[in-house]
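The values are calculated or read from the model by the stated rules, or taken from the named source; none is laboratory data. Predicted, not measured: the structure shown is a model, and the values here were computed from it. Please note: Cβ atoms are built from the backbone with ideal geometry, for glycine as well, and neighbour counts cover all protein chains shown. Please note that ligands, DNA and RNA were not included when accessible areas were found on the heavy atoms of the full protein model with its side chains. Shrake-Rupley method; radii C 1.70, N 1.55, O 1.52, S 1.80 Å.
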Amino acid sequence: MSYNRNRNNTNVCEFSLSYDEHGMAVRGMSDISDLINLGYSDLAWHCELDDGFRCNGYSTCLTDECLCADSPVFFCKDGNGCIAFQNVCDGRQDCLDGSDECLCEGRVQIICPNFKPQTFCLSPIAFCGHYNQKFAKTMIEIENCSLSHSATTVNCTRLFHDAMEENRRLINSPLSECLSSAYEDFFLRYNQKELYGVARYCHQNCTGYPRFVEGNWSRFCDHLFLGETSSSPDMYFSDYVFNCETRPYMLETFYITSVCDGISDCEDGADEAGCPGRFYCSPNSSTDWVPPERLCDNVKDCPNGQDECGTCDMGPLSSSEFLIHSKIVLFLTGFAGLLMIILNMVVGIECFKSKPPNKPGMIDRVMRLQIICFDGLMGLYNIMIVVAALVLKSRGPYCLSDQSWRSSTYCSSLGILFSVSSHGSLIAVGFMSLVRCLTCTKTVVEFRIKTVLIISASLFLINLVNSIIPILPISGVQDVFRSQAFFVNYRSNKFISSGIVNFTKLNELHIQYYSTTTSLYQTIENMNNITSEDGLFDIIEIGYYGNTQMCTQNIFKSQDSYLIYKLIYLIVISVIVAAVTFTYLVILLKK
């Protein structure tokens, strides 16, 4: 059946299963993975569920999770039901078509045309298990199955080596090393008579280990006891355990190797809080942390962007933070902008009121008025950039607002203003030089004012179009001029592993789910519809003018997408500069 998201909320659901090869059907099964393994088809079920089975995160009869308002759901690709989004990419296929696992990044696909589902998806580490490799080989040889291309890129030897290294790191942590070296002596001295003996021993004896002191591992001492873990409650009462609270006999207890293993076992994250070699996004966070190699890489990994704030060492003149908070820089920039506006207004009024005695003088006045207008716009840009700096300063550290600022409409508007004013002045000077040169040499018929105005208006329109094109919200245009793009909610997106948008992978996801290709913005809209989680694939785009924090185009930036545009731009600018230089040389020589 194809599930309709607009159906009325109900505890009654229907779905299709399949008979086995003997035409037998099994009732009373509520686990979808069991139904998948048995491979049923063409069996219509109609079931009624108690309220306790609806919206519990697990699909009992496929559609019972589709209309849950409290938690987001994932819509299975084939339309046969939904599962709780929290169960996506968890290593277990809950959708009949396996789409909840096959869309996940890095999955190895085993494709079997004679089975239902036809595709089985495993994580690389699961695929590298002996049983799964043996199963895949048997299916390929006997059942005409095949492996996806991703299987050929999996290096199982490397995966196992990395896993062993990580396990060795945990076993040899300063905490484990200290306690294991005193294992026998500890039991002889305390013999379980003192509940807080492990904590006291940790504080008194482990400080002799340099790595223990340097990493501040003593913060975990008060959580250590002799006892049993939550996962092995029947084990002999003679092992070290980490208790999520600083009291013995509590429910949440784990082996000490679970401390700082990258997985938060405690509900409050006590086993992952304050681990050495990590940058924590906030003082009270245990789950949001960044490894040192991902600090100051211009990509915000922390939700609050703290990995790009405060810890990055930049020169003062290259630091946007410094420029925004520097009163001298803001004053000089604002003063220069105001001075440019006032002086150009005064000169412009005088130029406008002047009465040239001849036609060449009138033409020259028209050209000078154009240059004055463009220079005045540049002064306006300076004033607006100071206003923007003051607003950003009021919001706190600049690095927290960097992406939103460079992707904002205000920044794009400033970029257009800067482009129009700077290029307009250059074009006007070039045109005025050409007119003067031709007038002085008398090689052509004398220019008319109307002709000059038409040419000037045409050049202005070309300049304006050139400035606006890079920000047009058209996929093809943005594919050329886009500087960067980031997923807004990538930390909650289980289908991607990085906040930086990889458009190739995004397109591959769309093909996997929709079996079609489309434009970027339609792709994002479609991918947002695979789950009820709002805006999962929304992106922030840093456009052409967001290349710099000053919202000016950076034509020298190394970016292959607009290489042709860059070459054309540089050629045109070079021609204009050369023309200005040549015409004034001609004028000087003629005089």
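Given the conditions (1) modelled with pLDDT of 70 or more; (2) surrounded by fewer than 19 Cβ atoms within 10 Å (Cβ to Cβ), report the number of the one that Ala199 does not fulfil.
For Ala199, the failing item is (2).
Of the conditions (1) open to solvent by 70 Å² or more (accessible area, probe 1.4 Å); (2) more than 30 Å from Leu224 (Cβ to Cβ); (3) at pLDDT 80 or above, Ile341 fails just one. Which one is it?
Evaluating Ile341 over (1) open to solvent by 70 Å² or more (accessible area, probe 1.4 Å); (2) more than 30 Å from Leu224 (Cβ to Cβ); (3) at pLDDT 80 or above leaves (1) as the failure.
For segment 349-374, name all the residues that are open to solvent by 50 Å² or more (accessible area, probe 1.4 Å) and under 22 Å from Leu417 (Cβ atoms).
Arg368, Cys373
Only one residue in Glu245, Glu228, Glu184, Glu194 is at pLDDT 70 or above and open to solvent by 20 Å² or more (accessible area, probe 1.4 Å). Which one? Talk me through it step by step, then tell me what you get.
On the way: Glu228 fails: at pLDDT 70 or above; Glu184 fails: at pLDDT 70 or above; Glu194 fails: at pLDDT 70 or above.
Checking each option against the conditions leaves just Glu245.
Residue check: is Ser408 touching a Gly at 6+ places or on another chain (Cβ under 9 Å), open to solvent by 20 Å² or more (accessible area, probe 1.4 Å), farther than 28 Å from Arg365 by Cα and not hydrophobic (A, V, I, L, M, F, W, C)? Break it down into steps so the answer makes sense when it comes.
Working: touching a Gly at 6+ places or on another chain (Cβ under 9 Å): yes; open to solvent by 20 Å² or more (accessible area, probe 1.4 Å): yes; farther than 28 Å from Arg365 by Cα: yes; not hydrophobic (A, V, I, L, M, F, W, C): yes.
When the stated conditions are applied, Ser408 passes them.
Give the residues of segment 394-403 that are of a type outside the set (Asp, Glu) and at pLDDT below 85, sorted by residue number.
Here is the first cut: in segment 394-403, the ones of a type outside the set (Asp, Glu) are 394-401, 403.
Selection gives Arg395, Gly396, Pro397, Tyr398, Cys399, Leu400, Ser401, Gln403.
Tell me which residues, restricted to segment 289-318, are surrounded by fewer than 12 Cβ atoms within 10 Å (Cβ to Cβ) and at pLDDT below 70.
The answer is Asn298, Gly310, Asp313, Met314, Gly315, Pro316, Leu317, Ser318.
Starting from segment 295-316, keep only residues that are under 21 Å from Gly546 (Cβ atoms) and in a loop (DSSP other than H, G, I, E, B), then list their pairs with residues that are among the β-branched types (Val, Ile, Thr) and modelled with pLDDT under 65 whose Cβ atoms are within a distance under 8 Å, requiring at least 6 positions of separation or different chains.
Cys296/Thr311
What are the residue pairs meeting all of these: first residue in segment 424-437, first residue under 14 Å from Leu369 (Cβ atoms), second residue outside any helix (DSSP H, G or I) and open to solvent by 10 Å² or more (accessible area, probe 1.4 Å), Cβ atoms under 8 Å, and 6 or more apart or on different chains?
Filtered contacts from segment 424-437: Val435/Phe447.
Which residue out of Ser561, Ser483 is under 30 Å from Ser148 (Cβ atoms) and at pLDDT below 85? Write out each step before concluding.
Numbers: Ser483 fails: under 30 Å from Ser148 (Cβ atoms).
Residue meeting the stated conditions: Ser561.
Filter segment 264-288 down to residues that are out of contact with any Asp or Glu (no Cβ under 6 Å at 6 or more places or on another chain) and modelled with pLDDT under 80 and give me whichever is surrounded by the fewest Cβ atoms within 10 Å (Cβ to Cβ).
Among residues in segment 264-288 that are out of contact with any Asp or Glu (no Cβ under 6 Å at 6 or more places or on another chain) and modelled with pLDDT under 80, the one surrounded by the fewest Cβ atoms within 10 Å (Cβ to Cβ) is Pro283.
Anything in segment 74-87 that is modelled with pLDDT of 85 or more and in contact with a strand residue (DSSP E or B) (Cβ under 7 Å, 6 or more places away or on another chain)? List them, or say none.
Passing the criteria: Phe74, Phe75, Cys76, Phe85.
Give the residue, chosen from Asp94, Asp90, Asp70, that is open to solvent by less than 50 Å² (accessible area, probe 1.4 Å) and of a type in the set (Asp, Glu).
Numbers: Asp90 fails: open to solvent by less than 50 Å² (accessible area, probe 1.4 Å); Asp70 fails: open to solvent by less than 50 Å² (accessible area, probe 1.4 Å).
Asp94 is the lone residue from the list that is open to solvent by less than 50 Å² (accessible area, probe 1.4 Å) and of a type in the set (Asp, Glu).
For Ser419, are the conditions met, namely being of a type in the set (Ser, Thr, Tyr), out of contact with any strand residue (DSSP E or B) (no Cβ under 7 Å at 6 or more places or on another chain), farther than 15 Å from Cys551 by Cα and crowded, with 20+ Cβ neighbours inside 10 Å?
Details: of a type in the set (Ser, Thr, Tyr): yes; out of contact with any strand residue (DSSP E or B) (no Cβ under 7 Å at 6 or more places or on another chain): yes; farther than 15 Å from Cys551 by Cα: no; crowded, with 20+ Cβ neighbours inside 10 Å: yes.
Spelling it out, it is not the case that Ser419 is of a type in the set (Ser, Thr, Tyr), out of contact with any strand residue (DSSP E or B) (no Cβ under 7 Å at 6 or more places or on another chain), farther than 15 Å from Cys551 by Cα and crowded, with 20+ Cβ neighbours inside 10 Å.
Could you check segment 253-263 and list, in sequence order, the residues that are open to solvent by less than 50 Å² (accessible area, probe 1.4 Å) and within 15 Å of Leu224 (Cβ to Cβ)?
Taking segment 253-263 and keeping what is open to solvent by less than 50 Å² (accessible area, probe 1.4 Å), we get 253-254, 256, 258-262.
Selection gives Thr253, Phe254, Ile256, Ser258, Val259, Cys260.
Here is a yes/no grid of residues against (1) among the aromatic types (Phe, Trp, Tyr); (2) at pLDDT 85 or above:
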| position | (1), (2) |
| --- | --- |
| Arg436 | no, no |
| Cys440 | no, no |
| Phe447 | yes, no |
| Ser458 | no, yes |
| Leu461 | no, yes |
| Pro470 | no, yes |
| Asn493 | no, yes |
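Out of curiosity, is Lys134 modelled with pLDDT under 75 and within 19 Å of Cys156 (Cβ to Cβ)?
Numbers: modelled with pLDDT under 75: yes; within 19 Å of Cys156 (Cβ to Cβ): yes.
Yes.
To keep it simple, each residue is scored yes or no on (1) touching a residue at least 60 places away in the same chain (Cβ under 8 Å); (2) farther than 30 Å from Asp538 by Cα; (3) not in a helix (DSSP H, G or I).
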site	(1), (2), (3)
Gly337	no, yes, no
Leu343	no, yes, no
Pro356	no, yes, yes
Gln370	yes, yes, no
Asp375	no, yes, no
Ile385	yes, no, no
Ala389	yes, no, no
Cys399	yes, no, no
Phe418	yes, no, no
